[in-house]
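What follows is a single structure, written as structure tokens, with notes after it.
Coordinate-derived values only; no laboratory data. All figures in this text were calculated on a predicted structure; none of them were measured in a lab.
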């Protein structure tokens, strides 16, 4: 079962997550890191940028892979995940742009783009540690409920609940503007990372966290498919952990 760390605030969640990634980078300067987007990891990225600026955390040899990208958006679109990563993290640290891999939402052949992404991960020796968030319905990346445990990077359709969650004003103002498909690393792709760190903050994530940690191992809750990973940590604030029944 995953290790569970419960923090009082989302600021504390971010600091603990950033500390894990900083330790990884310091112990292996050419680490391969997996990243997520969305509102939850923003403070973690801000803390990593601070560690670079104030403590010299060195990203010059680091390589990164992002979980997903909206299908149909190019990297310059202000709601693309390439834009998000450049804006929230990459431009604030000394990482080499050519060492950051984000799926191309405008690739002519999405199947080949997804295969190339998987091949790049294999070529660099696999992901050392992958940062994840969790959706209100338990999805990880854009692996919606029903996604197989061995799924690979692919073009997926988004559920209405995910579309609604991404159109609440934080990202898209109108549900009609949210892309209906995305390129997403598969659950099998994510599970091959040597370490996984999943973050969740806020009461809206409480049901999904309870299902992921204390419910059955089932594709109905994609995050529950991390239960048997050998090195997985959930870092939660008290609100996200509020429906857990066990003591952690």
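Brief remarks on what is shown
- Per the Debye formula on identical point scatterers at the alpha carbon atoms of the chain, with no solvent, log10 I(q)/I(0) at q = 0.10 Å⁻¹ is -0.43.
- Note on region 1-126: the C-alpha convex hull projects to 8.7 nm² when averaged across all orientations.
- With kT/(6 pi eta Rh) evaluated at 10 °C and eta = 1.306 mPa s, and Rh the Kirkwood radius from Cα pairs, region 98-137 diffuses with a coefficient of 132 µm²/s according to Stokes-Einstein.
- Extension reserve of the residue 238-residue 8 stretch, reckoned as 0.36 nm per residue once the Cα distance is removed: 82.3 nm
- Three principal axis extents of region 101-204 based on alpha-carbon atoms, in descending order, are 39, 34, 24 Å.
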